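The values are calculated or read from the model by the stated rules, or taken from the named source; none is laboratory data. Keep in mind the model is a prediction, meaning the values are calculated, not measured. Here the Cβ positions follow ideal geometry from the backbone for every residue, glycine too, while neighbour counts run over all protein chains shown. Heavy atoms of the whole protein, side chains included, go into the accessibility calculation; ligands, DNA and RNA do not. Shrake-Rupley method; radii C 1.70, N 1.55, O 1.52, S 1.80 Å.
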Amino acid sequence: ACAEHATPALVKQLREIRKEIEDAFDQSDFKRVLTYTERFYEAMFTGGHKLMMHQVVKSLNARINQLRAVTIASPGRGADSNREMNKLLSAIAKKDGDAAAAASLEHVRRTAGIVMVMLAERAAEASM
């Protein structure tokens with residue numbers, strides 16, 4: 001929805017937030033990554049006129065941020081995440097909803113894969 005409703009001002013705002021996230025990753029400032037990631041999603045939901053969906057996500061943010069904290073600290077995740085999110089932003093800027101949806105799905109799948117591996121590792125360690 002964000003891609004279909006994207007305005008130049010929204011795309012500029014999203015790019016500025018992405019720059020903050022990239023800078024935070026470069027500095028291994030994961031708290032800042034989390035803060036600006038929330039702002040990025042808030043801007044996407046607001047820009048896509050999905051205020052109710054944003055409220056649902058906000059109600060889940062504590063759990064979401066626990067998972068984000070696990071994934072963003074994993075080796076090499078900064079570069080991968082930046083690439084994935086910039087692909088999403090590019091699709092939004094082009095007002096290409098299908099490409100934005102595909103980029104979002106790719107990002108979520110990669111993140112879920114990281115979480116599943118980490119959870120399996122923790123379970124194996126706990127059973128020793």
> If the Cβ limit is 8 Å and pairs must be 6+ apart or interchain, which residue in the stretch 82-97 that is closer than 13 Å to E4 by Cα pairs with which residue that is outside any helix (DSSP H, G or I)?
Replying inline: I92/A6; A93/A6; K95/A6; G97/A1
> Are any residues in the stretch 84-112 in a helix (DSSP H, G or I), open to solvent by 50 Å² or more (accessible area, probe 1.4 Å) and touching a helix residue (DSSP H, G or I) at 6+ places or on another chain (Cβ under 7 Å), and if so, which ones?
Replying inline: N86, K87, E106, R110
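With respect to S28, is the statement that it is of a type in the set (G, A, S) and open to solvent by 40 Å² or more (accessible area, probe 1.4 Å) true?
yes
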> Based on what the data block shows, is S59 open to solvent by less than 30 Å² (accessible area, probe 1.4 Å) and among the hydroxyl-bearing types (S, T, Y)?
Replying inline: no
> What number of residues within the stretch 30-83 are outside any helix (DSSP H, G or I) and under 17 Å from L10 (Cβ atoms)?
Replying inline: 3
> Counting just the residues of the stretch 44-56 that are surrounded by 15 or more Cβ atoms within 10 Å (Cβ to Cβ) and without any contact (Cβ under 8 Å) to a residue 40 or more places away in the chain, which one comes out farthest from P75 (Cα to Cα)?
Replying inline: T46
>> Where the second residue is of a type in the set (A, V, I, L, M, F, W, C) and part of a helix (DSSP H, G or I) and the first is surrounded by 18 or more Cβ atoms within 10 Å (Cβ to Cβ) and lies in the stretch 5-20, which pairs have Cβ atoms under 6 Å and are six or more apart or on separate chains?
In response: A6/I92; V11/A93; L14/A43; L14/L89; I17/F40; R18/L89
> Would it be correct to say that M128 is open to solvent by 90 Å² or more (accessible area, probe 1.4 Å), modelled with pLDDT under 90 and within 24 Å of L10 (Cβ to Cβ)?
Replying inline: no
